[in-house]
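Working notes, structure below.
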């Protein structure tokens with residue numbers, strides 16, 4: 001049993017976004033085998049953990065919790081706002097399921113150049129510092145893992161010490177996808193049909209489960225639904241969350257554009273409906289179980305390719321047929337497993353046709369539902385979190401960090417007068433062989449390569 005501290009910057013309240021949901025389920029799963037504390041660095045914690053402590057933490061409370069912990073699981077910009085977290089000797093896991101740098105590139109489009117540059121620089125530095133410090137990393141997909149292995153290579157973390165411990169590098173970074181509750185959804189109360197004005201008991205209900213962020217493309221979806229409504233007047237599209245549950249997060253530009261387009265096309269309140277708040281996490285099952293189809297749409301971008309659309313997993317949980325845009329890991333899952341349709345980006349005609357097929361072809365829709373019931377078993381939180389649970393059973397420092405950081409050498413004293421003469425390769429090899437044998441020779445060569453690869457070797461006359 002370990003003392004595990006999970007830290008998120010997201011709000012812990014009934015209305016939760018993806019990072020908080022993920023941190024909450026991590027704490028819940030790890031508490032089965034460990035003593036766990038879940039802290040948010042935001043001021044908002046309105047939930048009570050079952051089997052673990054959950055609370056908002058001041059800087060002093062966070063420092064106390066770190067001293068208490070043996071293992072830390074950190075996510076997002078927590079280390080940017082608390083850089084001292086990178087400097088302690090606790091076993092540290094970073095959850096990098098959200099590629100911050102790619103998300104920031106998408107989020108800051110249209111911002112003034114210097115402002116955008118500053119935001120992007122912070123996201124890159126935050127991720128690099130986390131990858132440099134991590135004893136273990138978790139991401140959401142194999143595609144993301146490939147992305148981060150490349151970044152780890154560039155930072156020198158794929159080195160002889162980490163490679164020899166595990167040539168697959170799974171002990172350095174593994175996949176922990178977003179997950180689903182172990183129990184299926186239960187319809188406990190009417191939420192949409194006969195409740196939202198304009199949505200009747202027999203209408204065709206399409207839901208957009210997550211937020212409306214700037215990297216999504218709800219505009220193409222609204223156009224597709226407007227077209228579909230002309231031939232199928234009973235179609236209803238419901239956006240489940242327009243306002244982020246964290247009051248400190250400003251509304252996305254895309255949310256305003258989506259409302260404006262629905263008004264312009266004359267479908268707002270007729271075929272397209274908006275929840276101006278955010279559906280509570282424990283209440284979302286009532287909305288999902290009343291829907292006929294789940295939908296999401298995005299642009300063709302690097303952010304899309306390496307993203308994991310967390311709330312879309314709820315469609316699997318509710319066994320909903322899915323229509324999505326091509327390009328991300330979820331779309332590959334939808335197409336590969338026969339869960340629905342993936343259509344080209346920014347193509348309202350293709351999106352309209354895919355929605356129509358699932359609403360009109362009941363046999364096809366039922367087939368998608370049956371496949372979803374099978375596939376969702378792979379994404380239960382109890383299954384998805386197993387790599388993290390296994391690491392916490394036997395936590396350990398990464399071998400290169402335990403050795404003091406790969407590439408760290410102790411400089412030898414300089415000569416009394418004048419700069420030292422650079423040693424030849426042969427002289428260096430002879431010196432290190434005398435000091436520590438072949439192992440030290442190999443290690444010093446690898447360290448030199450690391451410094452060159454990371455730009456830390458400036459061609460100095462150091463004898464290391």
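Observations
- Which numbered condition residue 15 misses (of (1) outside any helix (DSSP H, G or I); (2) surrounded by fewer than 17 Cβ atoms within 10 Å (Cβ to Cβ); (3) in contact (Cβ under 8 Å) with a residue 24 or more places away in the chain): (2)
- Residue check for residue 130: surrounded by 21 or more Cβ atoms within 10 Å (Cβ to Cβ), touching a helix residue (DSSP H, G or I) at 6+ places or on another chain (Cβ under 7 Å) and modelled with pLDDT of 95 or more: yes
- Selected residue (criterion: nearest to residue 65 (Cα to Cα)) from residues of the stretch 31-52 that are within 20 Å of the chain's Cα centre (by Cα) and surrounded by fewer than 24 Cβ atoms within 10 Å (Cβ to Cβ): 41
- Residue match in the stretch 156-163 (condition: over 15 Å from the mean Cα position of the chain (by Cα), closer than 24 Å to residue 27 by Cβ and touching a residue at least 60 places away in the same chain (Cβ under 8 Å)): no
- Selection status of residue 55, part of a strand (DSSP E or B), surrounded by fewer than 18 Cβ atoms within 10 Å (Cβ to Cβ) and at pLDDT 95 or above: yes
- Filtering the stretch 218-233 to residues that are assigned to a helix (DSSP H, G or I) and surrounded by fewer than 22 Cβ atoms within 10 Å (Cβ to Cβ) leaves 219, 223, 227, 229, 230, 231.
- Single residue of the stretch 357-400 satisfying the filter (closer than 17 Å to residue 134 by Cα and free of Cβ contacts under 8 Å to residues at least 40 places away in the same chain) that is surrounded by the fewest Cβ atoms within 10 Å (Cβ to Cβ): 394
- Any hit, the stretch 154-166, residues being under 13 Å from residue 97 (Cα atoms) and in contact with a helix residue (DSSP H, G or I) (Cβ under 8 Å, 6 or more places away or on another chain): no
- Only a single criterion out of (1) exposed (fewer than 13 other Cβ atoms within 10 Å of the Cβ); (2) in contact with a strand residue (DSSP E or B) (Cβ under 8 Å, 6 or more places away or on another chain) is not satisfied by residue 97, namely (1).
- Close contacts from the stretch 101-118, counting a first residue that is buried (at least 18 other Cβ atoms within 10 Å of the Cβ) and a second that is part of a loop (DSSP other than H, G, I, E, B), with Cβ to Cβ under 6 Å and a gap of 6+ residues or different chains, come to 102/306; 106/215; 107/214.
The values are calculated or read from the model by the stated rules, or taken from the named source; none is laboratory data. All values derive from a computational prediction rather than experimental measurement. Quick reminder, even Gly has a Cβ in these numbers, built from the backbone with ideal geometry, and neighbours come from all protein chains shown.
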